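What follows is one structure encoded as structure tokens, with my remarks underneath.
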Amino acid sequence: MPELFNLLAFIVPVALVLFSVAGSAVKVVQEYERGVIFRLGRLIGAKGPGLFFIIPIADRMVKVDLRVVTLDVPAQEVITRDNVTVRVNAVLFFRVFDPEKAVVAVTDFVRATHQISQTTLRSVLGQSSLDELLSQREEINLKLQQIIDEQTEPWGIKVGIVEVKDVELPQSMQRAMARQAEAEREKRAKIIHASGEFEASKMLTDAAGVIGSEPAAIQLRYLQTLTEIAAEKNSTIVFPIPIEILSLIPNVLSRLGAGHDRNGSETSTPEPTPPLDNTMAVSTGAGSSAGISSEPASSFPDLDDEEVKARMAERARFLEGEFDAPTGEEPLPDR
């Protein structure tokens with residue numbers, strides 16, 4: 001029995017030693033990792049992923065993560081080429097493509113990449129103007145990525161994306177840019193307004209030419225304007241009588257005198273007609289009828305005297321609102 005205890009006391013420590021040695025010889029790395037092996041201080045190479053064996057005590061393994069690393073570049077004080085002080089921060093995406101170089105060539109590749117990205121950010125943005133920094137962000141990002149990637153390539157680091165996240169401007173510069181943008185918008189608005197006025201003046205010139213070629217067109221325009229104004233039925237409108245109607249009064253009087261001569265009756269000089277007012281007031285309102293301040297004389301040179309008188313009487317009743325338009329003619333709208 002004492003011999004058994006002595007044997008167990010010898011076997012158990014030996015088994016523990018062998019188990020620990022075997023455990024240190026077996027290594028497992030994940031799919032996204034690689035194990036860089038050093039044997040007695042000399043680089044052997046990178047192994048993995050999966051299960052592999054190393055020589056205990058003689059070999060040493062360093063794990064390297066091959067996944068993409070996201071690195072925040074803190075805000076940097078940058079003076080642009082046009083002497084504007086801004087604060088700029090960025091984000092950097094990189095990964096290890098050569099784990100052996102990442103372990104052998106640099107002490108801490110993450111910290112080294114972080115520092116080189118800060119210095120490069122200040123250098124590149126200091127060579128750009130403020131307008132380029134705000135409007136050409138994509139070109140600046142590509143330039144930053146190219147420069148940082150060239151500097152980290154000897155370390156086995158591949159920089160894939162560099163993005164400038166935020167540009168903080170001083171308050172005074174923000175106010176100045178706001179005034180500039182407002183002035184630019186006002187400039188465009190004035191140019192567009194002037195262009196519209198120019199086009200409208202050309203159209204009005206053409207319209208004046210069309211109306212000038214036919215005198216009756218201006219009378220139709222007067223009537224259309226009256227219809228548009230009277231649509232509200234709550235205003236008093238002073239509408240001018242066309243001068244052409246007043247110019248026809250002497251023709252009417254002369255034809256009336258000529259008619260008396262043909263009938264053999266005495267002719268006498270007509271009494272002077274009191275001057276007519278050149279305007280008529282039309283009052284419109286809810287439930288009110290139109291009122292006429294004067295009755296302008298009219299003339300129909302192609303008609304005889306009786307027809308002239310009948311037409312004049314019709315016109316008077318029509319203007320007073322007591323006239324029913326004959327079939328085929330549209331009455332004026334009730335105001």
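The values are calculated or read from the model by the stated rules, or taken from the named source; none is laboratory data. Note that this is a predicted model, so its numbers are computed, not measured. Because the Cβ atoms are built from the backbone with ideal geometry, glycine has one as well, and the counts that use them run over all protein chains shown.
Suppose the filter is assigned to a strand (DSSP E or B), at pLDDT 90 or above and closer than 25 Å to Val96 by Cβ; does Val124 pass it? No; evaluated as a whole, the condition is false for this residue.
Residues considered: Val68, Val88, Val28. Of these, the only one that is at pLDDT 90 or above, of a type outside the set (Asp, Glu) and closer than 26 Å to Gly156 by Cβ is Val68.
Inside the range 135-162, residues that are over 16 Å from Val68 (Cα atoms) and over 36 Å from the mean Cα position of the chain (by Cα) make up a count of 3. Taken as a whole, the condition of being surrounded by 11 or more Cβ atoms within 10 Å (Cβ to Cβ), of a type in the set (Ser, Thr, Tyr) and touching a helix residue (DSSP H, G or I) at 6+ places or on another chain (Cβ under 8 Å) does not apply to Thr85. Note down all Cβ pairs under 9 Å where the first residue falls in the range 133-144 and is among the charged types (D, E, K, R), the second is in a helix (DSSP H, G or I), and they're at least six residues apart or on different chains. As it stands, the answer is Glu139/Glu132; Lys143/Val124, since those pairs meet every condition given. Evaluating Met177 against the criteria (1) without any contact (Cβ under 8 Å) to a residue 24 or more places away in the chain; (2) surrounded by fewer than 12 Cβ atoms within 10 Å (Cβ to Cβ) leaves one unmet condition, (2).
Selection of the range 121-137 for residues being in contact with a Lys or Arg (Cβ under 7 Å, 6 or more places away or on another chain) and among the aliphatic types (A, V, I, L, M) yields only Val124.
For Arg188, indicate whether it is exposed (fewer than 11 other Cβ atoms within 10 Å of the Cβ) and basic (Lys, Arg). Spelling it out, Arg188 is indeed exposed (fewer than 11 other Cβ atoms within 10 Å of the Cβ) and basic (Lys, Arg).
Please verify whether Leu4 is without any contact (Cβ under 8 Å) to a residue 12 or more places away in the chain, of a type in the set (A, V, I, L, M), exposed (fewer than 10 other Cβ atoms within 10 Å of the Cβ) and outside the structural domain of Val103 (by TED's automatic domain parsing), treating the condition exactly as stated. Criteria met by Leu4.
Counting only residues that are among the β-branched types (Val, Ile, Thr) and at pLDDT below 85, which one in the range 183-227 is nearest to the chain's Cα centre (by Cα)?
Only one residue tops the list, namely Thr225.
Within the range 211-224, the set of residues being part of a helix (DSSP H, G or I) and surrounded by 10 or more Cβ atoms within 10 Å (Cβ to Cβ) comprises Ile211, Gly212, Ala216, Ala217, Ile218, Gln219, Leu220, Arg221, Tyr222, Leu223, Gln224. If you go through the range 153-167 one residue at a time, do you hit one that is part of a helix (DSSP H, G or I), assigned by TED's automatic domain parsing to the domain that holds Thr120 and surrounded by 13 or more Cβ atoms within 10 Å (Cβ to Cβ)? Scanning the range 153-167 turns up at least one residue that is part of a helix (DSSP H, G or I), assigned by TED's automatic domain parsing to the domain that holds Thr120 and surrounded by 13 or more Cβ atoms within 10 Å (Cβ to Cβ). Filtering the range 39-55 to residues that are farther than 13 Å from Lys101 by Cα and touching a residue at least 24 places away in the same chain (Cβ under 8 Å) leaves Leu51, Phe52, Phe53, Ile54, Ile55. On inspection, Ser172 passes the criterion of being closer than 15 Å to Val86 by Cα, exposed (fewer than 10 other Cβ atoms within 10 Å of the Cβ), without any contact (Cβ under 8 Å) to a residue 40 or more places away in the chain and among the hydroxyl-bearing types (Ser, Thr, Tyr).
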